[in-house]
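Here's the structure, in structure tokens; my notes come after.
The values are calculated or read from the model by the stated rules, or taken from the named source; none is laboratory data. Please read all numbers here as calculations on a predicted model, not as lab measurements. All Cβ positions, even for glycine, are placed from backbone atoms using ideal geometry, and neighbour counts span all protein chains on display.
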Amino acid sequence: MPRWKKALFAGWILLDFLMIVSISLYETGYTLEGYLPAHGEKALRYSPILYALPSDRPELVLYTFERSGGVTYYVLWKGENSGKPVVDQLYDYVRRLFYGSAEDIESVTVYPLNRTVTFETYNHERVWATFGVLMCSYDDSVINDCVENMTHVKIYTATWNHAFSLNPQKNTIRVNLTMKPMNPTEYIHYAIFRRMNESIKDAIYRALAVAAVLTALINLAGYYILVKRGIAGRIRLRLKP
């Protein structure tokens, strides 16, 4: 087989693979399941105080109420920036397929009844902490000066992909953001149900596995039909003048 045909065939296989990966990642997943309208003044009274790097500030906070009585605050960034442009562009593409947008959204949930706050920290580990009048505590750790006006917990952006921490982070500053209730359109647009209930890492692995199997099956079937059964040859004969 000439080299140009081999290159064309390899390109075709790669295109098939990428198309199937993209379709598998996208699926649908955009639903109002789990959405509860925001209500009452509790959201503003218990809203967290956010700290971030000046060069990587979030843009907006949207909140909803949970059936369990908590208030979830969704903090929105334009995207994630690891400092590796090629990796960032590829990851943006994946996020647009899976989440419907490249925005990064991290959540903080506050339970006013038992004065508990939860969020993801390093390595996507979930922190559950209680807060008092001035301090916060979780596991064996106690953080002083963690609460303002008895209800607003101070949350710090700790990593480039916006994991949170209760411990003050170097060079971060307090950011004052617009905060408003999340409406149904925003809930669907940002694929909040999918963000909260599906792992993008698991979805990528699943999509790669599905694409590998389907790419092989589709192209083997095409090879058998067009080449082994001579259909491609008959088509060429018919096309000849």
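Among the residues of segment 5-33, write down those that are within 26 Å of TYR187 (Cβ to Cβ) and exposed (fewer than 13 other Cβ atoms within 10 Å of the Cβ). Within segment 5-33, THR28, LEU32, GLU33 meet the criteria.
Take the conditions (1) exposed (fewer than 15 other Cβ atoms within 10 Å of the Cβ); (2) in contact (Cβ under 8 Å) with a residue 40 or more places away in the chain; (3) assigned by TED's automatic domain parsing to the domain that holds ALA10; TYR223 misses just one of them, which is (2).
Could you pull out the residue among LYS180, LYS154, LYS201 that is at pLDDT 95 or above, basic (Lys, Arg) and either in the same structural domain as THR116 (by TED's automatic domain parsing) or under 20 Å from ARG126 (Cα atoms) (or both)? Step by step, each of LYS180, LYS154, LYS201 is checked, and only LYS154 is at pLDDT 95 or above, basic (Lys, Arg) and either in the same structural domain as THR116 (by TED's automatic domain parsing) or under 20 Å from ARG126 (Cα atoms) (or both). Entry remark, segment 33-69: residues being assigned by TED's automatic domain parsing to the domain that holds MET179, over 19 Å from ARG174 (Cβ atoms) and in contact with a helix residue (DSSP H, G or I) (Cβ under 8 Å, 6 or more places away or on another chain) number 3 in total. Evaluate segment 213-224: report whether one residue or more is among the aromatic types (Phe, Trp, Tyr) and more than 15 Å from the chain's Cα centre (by Cα). The answer is yes; a qualifying residue exists. Every residue in segment 163-198 that is surrounded by 12 or more Cβ atoms within 10 Å (Cβ to Cβ), among the hydroxyl-bearing types (Ser, Thr, Tyr) and free of Cβ contacts under 8 Å to residues at least 60 places away in the same chain, please. The answer is SER165, and nothing else. Looking across segment 22-42 at every residue that is of a type in the set (A, V, I, L, M, F, W, C) and under 20 Å from TYR73 (Cβ atoms), the one that is farthest from the chain's Cα centre (by Cα) is identified as ALA38. The residues listed here are ASP92, ASP139, ASP104; of these, the one that is more than 22 Å from TYR190 (Cα to Cα), without any contact (Cβ under 8 Å) to a residue 60 or more places away in the chain and among the charged types (D, E, K, R) is ASP139. Among the residues making up segment 157-195, those that are over 22 Å from ASN114 (Cα atoms) and in a strand (DSSP E or B) are THR157, ILE173, ARG174, VAL175, MET179, LYS180, PRO181. If you go through segment 146-156 and keep only what is assigned to a loop (DSSP other than H, G, I, E, B) and either closer than 18 Å to TYR35 by Cα or touching a residue at least 12 places away in the same chain (Cβ under 8 Å) (or both), you end up with CYS146, MET150, THR151.
Look at segment 35-49 and say how many of its residues are among the aliphatic types (A, V, I, L, M) and farther than 11 Å from THR151 by Cα.
Kept after step one, since they are among the aliphatic types (A, V, I, L, M), are these residues of segment 35-49: 36, 38, 43-44, 49.
Filter again for farther than 11 Å from THR151 by Cα, leaving 36, 38.
Total meeting the criteria: 2.
Scanning segment 113-145 for residues that are surrounded by fewer than 11 Cβ atoms within 10 Å (Cβ to Cβ), among the polar types (S, T, N, Q) and not in a loop (DSSP other than H, G, I, E, B) returns a single hit, ASN123. Annotation: of all residues in segment 133-165 being among the polar types (S, T, N, Q) and on the phi < 0 side of the Ramachandran plot, the one that is farthest from the chain's Cα centre (by Cα) is ASN144.
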